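Contents: one structure, followed by commentary.
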Amino acid sequence: MKEIEELLFPDDVHYAETHEWARDEEETVVVGIGDYAQDQLGDIVFVELPEIGDTFEKGDQFGTLESVKAVSEIYMPVAGKITAINEALSEEPELVNLEPYNRGWMIEIEPDDPDEIHTLMSGTEYMEMLKGAE
Amino acid sequence: MHDWHLEQGARMALFGGYEMPLWYPSGAKREHLAVLAGAGMFDTSHMAVIVVEGAGALDFLQLCYTKDLDACIGKKDKGPLVPGRCVYGVFLDELGHVIDDAIVSQVSPEVYMVVVNAGMGGAITRHLKGRAGGAATRINDLTDGIGKMDMQGPLSAKILSRMLRDPGRVFDRMVYFSFKGFFDDASPLADAVRLLDGTPILLSRTGYTGEFGFELFMSSDHIGRVWNMALEAGRDFGLMVCGLAARDSLRTGAVLPLSHQDIGPWPFINNPWNFALSLKDDKTGFTKRFVGDEALEKKTYSEYTYPFAGFDMRKVSPGNSTVVMDSNGAAIGTVLTCVTEMGIDRVGDRICSIASPDRPEGFRPRGLSCGFVKVTKKLACGDTVELNDGRRGIQVLITDDIRPDRSARRAIKDML
């Protein structure tokens, strides 16, 4: 297990308390799980994602992550409609471990409110939250 | 060893009162696959070692342990346990409930080594001492003085060959469930297996992965040094250190129970492990009397434990809130273990492993969920049940075996 200082929390994404990240791509928001969550879960062996066109509220469960040991829920960091899912994860779920912020992305959302993403935490705030939980 | 695991960046978790590595940064999947196709090494120092000795030791174990030590070796288990051989069985209470499972090794006709699970050394020692009448049997818990590590996987013997004095002699006719050497330098058996630096070890061709491999017992003073020696010896063979997660998925694929989870405070019967009992050939009763036998013979217990395998890697969370449902949707039981076995997948109507000689070309398994269910209804191989943990339901097939083509019983001459 990595120390918090060894984990990567890039500042080009926003973080939810439930450990998802969200990246503002103007028209859409791209979502995955952060380095902390993937490190805690261990090897991801399966990712269950929603259908394109599904709509969810902020905080709704949109999928599940299957690690070697357990099944975990993943939650919407902002409300919106699913416009794309990362098909590559069905063949290579380990991308979530290897490149959580890039090739390990999970869903693309058309947000109901483009400003909602700014209610999430910055990388620094998120790291402070994790340290507080230690 | 604990500091070493932390330095490697292992994810740790409490297990049987010990903080143990769950997996290392390489990840449980690669660790699991290494044991199927190469070699993996486990720190198993947390397991407990008890020595039962004395003129009454054999009779005493015959009373307390399910396996018939007078009929457990060779064809159809007809021969008695002899020095250098070991067997798997369980310790029951009067209700036929499992206290723990154990491998019993006969060091000499009056000395037996009993290996039980983490944190169980004290409980089993007390249980046995409570039954040992007189001075004819002495029971000693050696747990704190003994270090143990497991080298598992088809390349295990090749790696150990680089660590042993005279490996040809050590491995000569070393069959499955046999051992040589001893961990105490003062024992006349110690010269049978020494490492290159002279360290005496007890080398046992056992393990709990279903794969070819060994358990190494030694004085706990030596474990750190021997561990490093093994890492060095294994470097050219891709030896991988493995944590408890890989051990759990490996043993499940091999249809081996985890004590206190798959076997526990209910009668040890109607399960896939009746080879641990001393059943008569016609299965009408037992070849000897032992603690718990009468409870098992009453046959009033009507729950059944079965292995299952799913259709993909999706799991459910085991536990009391997870139900097993039959094809009519009736709730019939609970899930004891559910893991993803990462080395296997379905090919048509059979299961293939990465080690199957007849696997299709380019076979790349995605893994299958598998484990054990305990149900109130008799099921047959091939029956479909649904496991539902309230979050998801998965269809699985009741089976008698999970991971095919395991290497545990292969001839040692083919593995050197």
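The values are calculated or read from the model by the stated rules, or taken from the named source; none is laboratory data. Keep in mind that this is a model prediction, so the values were computed, not measured. A quick note on method: Cβ atoms are made from the backbone with ideal geometry, for glycine too, and the neighbour counts reach across all protein chains shown. What goes into the accessible areas is simple: the full protein's heavy atoms, side chains included, and nothing from ligands, DNA or RNA. Shrake-Rupley method; radii C 1.70, N 1.55, O 1.52, S 1.80 Å.
Considering each of B:D349, B:D326, B:D358, B:D345 in turn, give the residue that is within 14 Å of chain A (Cβ to nearest Cβ) and either closer than 17 Å to B:R247 by Cβ or open to solvent by 10 Å² or more (accessible area, probe 1.4 Å) (or both).
Just a single option satisfies the conditions, and that option is B:D345.
When you go through A:S67, A:S90 one by one, which is the residue that is in contact with a helix residue (DSSP H, G or I) (Cβ under 8 Å, 6 or more places away or on another chain), at pLDDT below 95, of a type in the set (S, T, Y) and closer than 30 Å to B:L336 by Cβ?
Sole residue among the options that is in contact with a helix residue (DSSP H, G or I) (Cβ under 8 Å, 6 or more places away or on another chain), at pLDDT below 95, of a type in the set (S, T, Y) and closer than 30 Å to B:L336 by Cβ: A:S67.
Only one of (1) open to solvent by 40 Å² or more (accessible area, probe 1.4 Å); (2) away from chain A (no Cβ under 14 Å); (3) more than 14 Å from B:D401 (Cα to Cα); (4) modelled with pLDDT of 95 or more fails for B:F311. Which number is that?
Every listed condition holds for B:F311 apart from (2).
So, in the range B:258-278, exactly how many residues are away from chain A (no Cβ under 14 Å) and either crowded, with 19+ Cβ neighbours inside 10 Å or of a type in the set (S, T, Y) (or both)?
Number satisfying all stated conditions: 11.
Considering only residues that are in a strand (DSSP E or B) and among the charged types (D, E, K, R), look in the range B:11-51 and name the one that is farthest from the other protein chains (Cβ to nearest Cβ).
Per the stated criteria, the residue is B:D43.
Quick grid of which residues meet (1) crowded, with 19+ Cβ neighbours inside 10 Å; (2) closer than 23 Å to A:M129 by Cβ:
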residue	(1), (2)
A:F46	yes, no
A:Q61	no, yes
A:K69	yes, no
A:A84	no, no
A:M106	yes, yes
A:D112	no, no
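How many residues are outside any strand (DSSP E or B) and over 25 Å from B:E297 (Cα atoms) when one looks only at the range B:90-136?
Residues meeting the conditions: 16.
Residue-by-condition table, conditions (1) closer than 19 Å to B:V49 by Cβ; (2) of a type in the set (G, A, S); (3) touching a strand residue (DSSP E or B) at 6+ places or on another chain (Cβ under 9 Å):
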residue: B:G145; (1), (2), (3): yes, yes, yes
residue: B:K148; (1), (2), (3): yes, no, yes
residue: B:L160; (1), (2), (3): no, no, yes
residue: B:D166; (1), (2), (3): no, no, yes
residue: B:V175; (1), (2), (3): no, no, yes
residue: B:F179; (1), (2), (3): yes, no, yes
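In the range A:76-121, how many are part of a helix (DSSP H, G or I) and of a type in the set (F, W, Y)?
Adding up the residues that qualify gives 0.
Just checking, does the range B:199-212 include any residue being closer than 30 Å to A:K69 by Cα, buried (at least 24 other Cβ atoms within 10 Å of the Cβ) and within 14 Å of chain A (Cβ to nearest Cβ)?
No, the range B:199-212 has no match at all.
Starting from the range B:229-257, keep only residues that are within 17 Å of B:L155 (Cα to Cα) and more than 14 Å from chain A (Cβ to nearest Cβ), then list their pairs with residues that are open to solvent by 30 Å² or more (accessible area, probe 1.4 Å) and at pLDDT below 95 whose Cβ atoms are within a distance under 9 Å, requiring at least 6 positions of separation or different chains.
That search, which allows pairs on different chains as well, returns B:V241/B:Q8; B:V241/B:S26.
Yes or no, residue by residue, for (1) polar (S, T, N, Q); (2) modelled with pLDDT under 95; (3) in contact with an Asp or Glu (Cβ under 7 Å, 6 or more places away or on another chain):
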{"position": "B:A10", "(1), (2), (3)": "no, yes, no"}
{"position": "B:L14", "(1), (2), (3)": "no, yes, no"}
{"position": "B:G17", "(1), (2), (3)": "no, yes, no"}
{"position": "B:L22", "(1), (2), (3)": "no, yes, no"}
{"position": "B:S26", "(1), (2), (3)": "yes, yes, no"}
{"position": "B:G38", "(1), (2), (3)": "no, no, no"}
{"position": "B:S45", "(1), (2), (3)": "yes, yes, no"}
{"position": "B:V51", "(1), (2), (3)": "no, no, no"}
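Every residue, every condition in (1) among the β-branched types (V, I, T); (2) surrounded by fewer than 16 Cβ atoms within 10 Å (Cβ to Cβ), yes or no:
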| position | (1), (2) |
| --- | --- |
| B:K315 | no, no |
| B:S321 | no, yes |
| B:C338 | no, no |
| B:I394 | yes, no |
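Rundown of residues vs (1) closer than 13 Å to A:I33 by Cα; (2) without any contact (Cβ under 8 Å) to a residue 60 or more places away in the chain, yes/no style:
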residue	(1), (2)
A:P77	yes, no
A:V96	yes, no
A:R103	yes, yes
A:M106	yes, no
A:E110	no, no
A:I117	no, no
A:M121	no, no
A:E125	no, no
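For the range B:69-80, state whether one or more residues are touching a Leu at 6+ places or on another chain (Cβ under 7 Å), within 14 Å of chain A (Cβ to nearest Cβ), touching a residue at least 60 places away in the same chain (Cβ under 8 Å) and more than 25 Å from B:G134 (Cβ to Cβ).
no
I'd like to verify a number: residues in the range A:11-22 that are buried (at least 18 other Cβ atoms within 10 Å of the Cβ) and either in contact with a His (Cβ under 9 Å, 6 or more places away or on another chain) or not charged (D, E, K, R) (or both), how many?
Qualifying residue count, the range A:11-22: 7.
Kindly list the number of the only condition in (1) more than 9 Å from chain B (Cβ to nearest Cβ); (2) touching a residue at least 12 places away in the same chain (Cβ under 8 Å); (3) surrounded by fewer than 22 Cβ atoms within 10 Å (Cβ to Cβ) that fails for A:G34.
Just one mismatch for A:G34, condition (3).
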